[in-house]
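Scroll down for the structure; my scribbles are underneath it.
Throughout, read-outs are computed from the coordinates displayed, never taken from laboratory work. Bear in mind that the values here come from a model prediction, so they are computed numbers and not experimental data. Positions of Cβ are generated from backbone atoms using ideal geometry, with glycine treated the same way; all protein chains shown enter the neighbour counts.
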Amino acid sequence: MNHPKNLSTKYPSRKAYALVDGNNFFASCEQVFNPKLLRKPIGILSNNDGCIIARSNELKQLGVPMGTPKFKWNKFLQSHDVHLFSANFSLYGDMSKRMMMTLTSIVPSIEIYSIDEAFLDCSMFPPSELNKLATRIYQTVPRWIGIPVGVGIAPTKVLAKIANHFSKKHQCPFVIYFDKIADSLRDLPIKDVWGIGRRLTKKMNALGIFTAYDFYKKDEEWVKQRFSIIEQKLHKELQGKPVLHLNRTANKKSICVSRSFEKSVSHKEYLFDAVSCFLNSAVEKLRRQESLAGLLHIFIQTNRFHKGNYYSGMDIIRLTHTNETSQFLQSARRSFDKIWKPHSYKRAGVILSDFISIKDYQPTFFENENLNPKLQKLQKTIDTINKTHAKQQMGIASVGHLMKNWKMNRKNLSPAYTTRIEDLIKIHI
DNA sequence: TCTGGGGTCCTAGGACCC
DNA sequence: TCTGGGGTCCTAGGACCC
């Protein structure tokens, strides 16, 4: 299809990035363990079975849009015999790990971009081998873990995204070489470029830019005068000049845990119990990445689809950097009492941010009592038990004891195929 | 009746300081 | 009626992504 002619002599130090992603990832995960579902229309539902958040090709072809509320399509889904599943994130997370390990074994330099997507730095491969490499990735992942993937390789991350788009379209691995960039962009609508959303598409169109090529051929000064730094970077990337590099640190800059409730929650203590639970698991994630947080953000919201008296309360608390659940809980209690008003709440959540690494932590004179060594040890033990056994087996006694009053609804959950032995056995019956 | 969750980056505007 | 000019830091909110 495309050949790496002259590249090795012409651009000896050129970069190459691959973007690999699982096709219809969540749907494919369900199909791996239940092959009867292959070539069937299947949909994955969000928490509370509210929206359709992933679709197999067959469901896409039926015209069911992404993110649509399920209740609006109930009749249609039934009449077309669509198989629906509640999102089984522990299954998808486990399959994701396997996919990433497979990719790492082929190209060690990897950035995990999302649950189903990774960038690989392929610069160490000579251009003449990129086609072979793309093919190898394209074949190995489905062979090893059963998930089909799209593979695109190009001189920049933005172009790799585009190459991946062509990979999906033509159902083959796809490489964009530096001297073929313009050809690849010629008929690509500007809205399909990574980073160009609704608002930017409108602005671009107003300036006479309709394809990626239209933007590509503008000169730097023209772009600088009309756009912010985001679009200037994007423009460079489209021209094959890499400005976005591989980010290999897996650590997050913020951690958010939030949920919508099956039924609205009006009781103050039930709602606080939910907030405590979210906080508990957020702080657990914080410890897993060995960070301390200095900012806690909590929010509670009524149903945003009910016009009229929508209420959204939130508070941000600065605290001495910590990873101790009890410290967060104390602050959360004060904030919660501040923002709570009698309403029926539909959603609540917490966000942790302003992280420092626990390794860099140097207690100052005033803070040196902040991290209690005994408590640190105890927390570590609890985290380990929760990691190796079922989730949330152990914890602070006051957290989650009212859970039955705010829990989520997941009626169509598939078995935990990869983590529960009983379910592994079931597959073979 | 029923409408997801978790991220990143950038910008504008206010507070404060010299 | 007059009401500096920058700089920095912080936060709220927008835009975008998966």
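Go through A:VAL350, A:MET124, A:SER254 and say which Cα lies farthest out towards the positive end of the charge dipole of chain A; charges sit on Cβ, +1 for Lys and Arg, -1 for Asp and Glu.
So the residue we want is A:VAL350.
Using θ = phi - 60° and the Karplus form 6.51 cos²θ - 1.76 cosθ + 1.60, what ³J(HN,Hα) does each residue of the range A:55-63 get, whole Hz, x for Gly and Pro?
3J(HN,Hα) across the range A:55-63, in whole Hz: 9, 6, 3, 5, 6, 4, 5, 6, x.
Could you work out how far the C-alpha centroid of the range A:14-37 sits from that of the range A:145-224, in angstrom?
So the two Cα centres are separated by 21 Å.
May I ask you to compute the full-extension gain from A:THR135 to A:SER114, defined as 0.36 nm times their residue separation minus their alpha-carbon distance, rounded to one decimal in nm?
5.4 nm is the gain from fully extending A:THR135 to A:SER114.
When A:PHE76, A:PHE25 are ordered from fewest to most other Cβ atoms inside 10 Å of their Cβ, what list results?
Ordered by Cβ neighbours within 10 Å, fewest first: A:PHE76, A:PHE25.
Taking θ = phi - 60°, what integer Hz values does the Karplus form 6.51 cos²θ - 1.76 cosθ + 1.60 yield along the range A:346-352, in sequence order, with x for Gly and Pro?
For the range A:346-352, the Karplus curve yields 10, 7, 8, x, 9, 10, 9 Hz.
Can you compute 3J(HN,Hα) from phi for each residue in the range A:212-229, using the Karplus curve 6.51 cos²θ - 1.76 cosθ + 1.60 with θ = phi - 60°, rounded to whole Hz and x for Gly and Pro?
Coupling constants for the range A:212-229: 4, 5, 4, 6, 3, 7, 5, 8, 4, 5, 4, 5, 4, 6, 10, 10, 7, 5 Hz.
Rank A:LEU319, A:ALA282, A:PHE305 by how far each Cα sits towards the positive end of the charge dipole of the range A:255-405 (+1 on Lys, Arg Cβ; -1 on Asp, Glu Cβ) and give me just the farthest.
Of the options given, the answer is A:PHE305.
Calculated from DSSP H runs of 4 or more alone, at -39500 (n - 2.57) each and per residue, what is the 222 nm mean residue ellipticity of chain A, nearest 500?
That calculation yields -11500 deg cm²/dmol at 222 nm.
A:GLN239's amide H: which non-local residues (gap 5+, or another chain) put their own amide H closer than 5 Å, with H modeled 1.01 Å from N in plane and none for Pro or chain starts?
Hits under the 5 Å cutoff: none.
Taking only the C-alpha atoms, wrap a convex hull around chain A and report its volume per residue in Å³ as a whole number.
195 Å³
Amide H neighbours of A:VAL149 under 5 Å, at least 5 residues apart or on other chains, H built in the peptide plane: list them.
Sorted by chain and number, the residues that satisfy this are A:ASN23.
Order A:137-150, A:296-309, A:269-282 from most to least packed using the mean count of other Cβ atoms within 10 Å.
Going from most to least packed, we get A:269-282, A:137-150, A:296-309.
Any aspartates and glutamates with Cα under 20 Å of the A:LYS338 Cα? List them, leaving off those in the same chain fewer than 8 positions away.
A:GLU269, A:ASP273, A:ASP315
Which lysines have a Cα lying under 22 Å from the Cα of A:LYS407, excluding residues fewer than 8 positions away in the same chain?
Straight-distance partners of A:LYS407: A:LYS70, A:LYS263, A:LYS268, A:LYS285, A:LYS341, A:LYS346, A:LYS387, A:LYS391.
Find which of A:PHE89, A:SER105, A:PHE76 sits farthest along the positive direction of the dipole of the range A:68-115, computed with +1 on the beta-carbon of Lys and Arg, -1 on that of Asp and Glu, about the Cα centre.
Of the options given, the answer is A:PHE76.
Check A:ALA16: other-chain or 5+ apart residues with amide H under 5 Å from its amide H, H built from backbone geometry?
It is A:CYS122, A:SER123, by chain and number.
Could you calculate the FRET efficiency of A:ILE317 with A:ARG288 from 1/(1 + (r/R0)^6), where r is the beta carbon distance between them and R0 is 30 Å, rounded to 0.05?
Efficiency computed from Cβ-Cβ geometry: 0.85.
What does the C-alpha gyration tensor say about the overall shape of the range A:186-242? Classify as rounded when a/c is under 1.5, otherwise prolate if a/b is larger than b/c, or oblate.
Since a/c stays below 1.5, the shape of the range A:186-242 is classed as rounded.
Among the aspartates and glutamates, which have Cα under 16 Å from the Cα of A:LYS36 when same-chain residues fewer than 8 positions away are ignored?
A:GLU58, A:ASP81
Could you list A:HIS321, A:HIS80 in order of exposure, starting from the residue whose Cβ has the fewest other Cβ atoms within 10 Å?
A:HIS80, A:HIS321
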